[in-house]
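Here's the structure, in structure tokens; my notes come after.
The values are calculated or read from the model by the stated rules, or taken from the named source; none is laboratory data. The shown structure was predicted, so the numbers you read here are calculated from the model rather than taken from an experiment. So basically every Cβ, Gly included, is an ideal-geometry build from the backbone, and we count neighbours across all protein chains shown. Accessible surface areas use protein heavy atoms only, side chains included; no ligands, DNA or RNA. Shrake-Rupley method; radii C 1.70, N 1.55, O 1.52, S 1.80 Å.
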Amino acid sequence: MFKLLKKALQVGEATVEYPFKPLEVSPGFRGKPVYNFEQCIACGACALACPANAITIECNLDEGIKSWNIFYGRCIFCGRCEEVCPTGAITLSPEFELAATTKEDLCCRADFRLVRCRSCGEFFAPAKELEYILANLENIGLPETAVATTRQLLEVCPQCKRRRGTDAAIKSLYWSGNHKQGRK
Amino acid sequence: MTTVEKDFGPREHAKLAEMKEKLKKVIRRSVYVYRVDCGGCNGCEIEIFASISPVYDPERLGIKVVASPRHADVLLFTGPMTRPMRLPALRAYRAAPDPKIVVAYGTCGCSGGIFHDCYSVWGGADKIFPVDVYIPGCPPTPAATLYGMGVALDILQQKIKGAHHVEDEVVRVQPAHPNVHPDLRKGIEREARRLCGYLQGKQIADKYLQFLEEGDLQAVDRKVKELLKDEKDPRLVEVYLKLHQIFTDSMERATGNGG
């Protein structure tokens, strides 16, 4: 009996004191994905990568709002969102205390404003994403004189760009055709 | 909404809620938990059994797992609620005496998880029962399980809150490491991720790119050497040297072209 007690005292307590003391998790623990709204450019790469569709993107083209949603009740903590995020806006934290009594507490939502196309006036891309592209171009060495024109080019939706491209191509074709005829 | 809800009228519901509040006050130190696997992958079950091990020892809090729903105060539903399991789950729910606390356990139990859009998946316990507490996690760690039980019994406070951000003015997000050329940055990040996986690779690349931001070739050389002097992991040394090789190559190319 005493031997056993002695042994038990030597070995000490095996039980962690978790609810009464904070628990230290191991390094590399994948807990709650923490979202940094300031850093997000609403590109939607995380929504594409999310295997469980915990992150979803909705576009409201009438009001010009792109909303980013995460539902922690569906997240499987794989870390793919962290992997693909170009700006580091979402990172997995060691936080594991996620239990909630209502479903709304497990949701996080962020609304971003869209930019209108300069040509057709439709909403098409988040303003923050365009700003990020511009910032990248400036870092590579876009001269300051070209910033305004580049911004104008960026603020045209892909469809209008395509239309402009075809118009230009047709014009040039027409022009070259006329030119040949004139030469004959 | 559900078959269970239809059993009662609003008066019974109010009474049940009142009883449940009473239960939470009375039962703090003698909670019997019954777990129901509604089509899970067994990950949650393993974690539940890990959490009733002596390491976490929920019996010091009075929480005990029992083998029959007739003894249970808390029902723990795991799994995405598949079609064949929904009737047994309902039977277990009916067998447990009122008032009872229903816990949706694991990502699947909360919402169906990665199986939420599969055929024959109902998508979580809350599609059939009124759920009191959600414990997300795939699977929840034993500590998360204990915390969830604490929240279910009103011993611990809920920490997570819903958030809604709205963009008022457009703030420009600056790209990381603006002083490093994007091609060089891409090369270093790719190599680091190729060698060490995305998480460690990203951390290592970030650390190396910080050196690059600060100085020229000699300064970076010195800093890398300083870092590697105390490094005990030979694998990490090799990775850093490879990243450094990419940088020196690019510098040579640049100066070679210039000269």
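Of all the listed residues (B:197, B:201, B:187), the sole one being within 33 Å of the chain's Cα centre (by Cα) and touching a residue at least 60 places away in the same chain (Cβ under 8 Å) is B:187.
Going residue by residue through the range A:13-27, is there one that turns out to be part of a loop (DSSP other than H, G, I, E, B), more than 10 Å from chain B (Cβ to nearest Cβ) and open to solvent by less than 60 Å² (accessible area, probe 1.4 Å)? No; the residues of the range A:13-27 include none that is part of a loop (DSSP other than H, G, I, E, B), more than 10 Å from chain B (Cβ to nearest Cβ) and open to solvent by less than 60 Å² (accessible area, probe 1.4 Å). No other residue among B:199, B:146, B:227 is farther than 25 Å from residue A:42 by Cα, out of contact with any strand residue (DSSP E or B) (no Cβ under 6 Å at 6 or more places or on another chain) and within 14 Å of chain A (Cβ to nearest Cβ) apart from B:146.
The set of residues from the range B:164-199 being open to solvent by less than 40 Å² (accessible area, probe 1.4 Å) and in contact with a Phe, Trp or Tyr (Cβ under 8 Å, 6 or more places away or on another chain) comprises B:167, B:173, B:175, B:184, B:188, B:192. Filter the range B:88-106 down to the residues that are under 26 Å from the mean Cα position of the chain (by Cα) and not aromatic (Phe, Trp, Tyr), then identify the one that is surrounded by the most Cβ atoms within 10 Å (Cβ to Cβ). Ranking the candidates gives B:106 first. Among the residues here, residue B:218 does not qualify as away from chain A (no Cβ under 14 Å), loosely packed, with under 12 Cβ neighbours inside 10 Å, outside any loop (DSSP other than H, G, I, E, B) and at pLDDT 90 or above.
Counting the residues of the range A:69-90 that are facing chain B (nearest Cβ under 9 Å) and either small (Gly, Ala, Ser) or touching a Lys or Arg at 6+ places or on another chain (Cβ under 7 Å) (or both) gives 6. Scanning the range A:28-68 for residues being among the aromatic types (Phe, Trp, Tyr) and open to solvent by 50 Å² or more (accessible area, probe 1.4 Å) gives a total of 1. Do you know which residues across the range B:152-196 are assigned to a helix (DSSP H, G or I), farther than 30 Å from residue A:96 by Cβ and within 8 Å of another protein chain (Cβ to nearest Cβ)? Residue satisfying the conditions is B:182 alone.
Taking the numbered list (1) open to solvent by 40 Å² or more (accessible area, probe 1.4 Å); (2) of a type outside the set (Asp, Glu); (3) free of Cβ contacts under 8 Å to residues at least 40 places away in the same chain in turn, residue B:85 passes all entries but (3).
Please indicate, with yes or no, whether at least one residue in the range B:230-252 is farther than 26 Å from residue A:129 by Cβ, under 28 Å from the mean Cα position of the chain (by Cα) and part of a helix (DSSP H, G or I).
Looking only at the range B:230-252, we keep the residues that are farther than 26 Å from residue A:129 by Cβ, and these are B:230-252.
Narrowing the set further to residues that are under 28 Å from the mean Cα position of the chain (by Cα) leaves none.
No, that holds for no residue.
Only residues that are buried (at least 19 other Cβ atoms within 10 Å of the Cβ), over 24 Å from residue A:20 (Cβ atoms) and more than 7 Å from chain A (Cβ to nearest Cβ) were counted across the range B:127-143, and they come to 3.
Any residue in the range B:155-163 that is assigned by TED's automatic domain parsing to the domain that holds residue B:47, open to solvent by 60 Å² or more (accessible area, probe 1.4 Å) and over 17 Å from the mean Cα position of the chain (by Cα)? Yes; the residues of the range B:155-163 include at least one that is assigned by TED's automatic domain parsing to the domain that holds residue B:47, open to solvent by 60 Å² or more (accessible area, probe 1.4 Å) and over 17 Å from the mean Cα position of the chain (by Cα). Checking each residue in the range A:139-170 for being open to solvent by 70 Å² or more (accessible area, probe 1.4 Å) and touching a helix residue (DSSP H, G or I) at 6+ places or on another chain (Cβ under 9 Å) picks out A:140, A:144, A:151, A:153, A:161.
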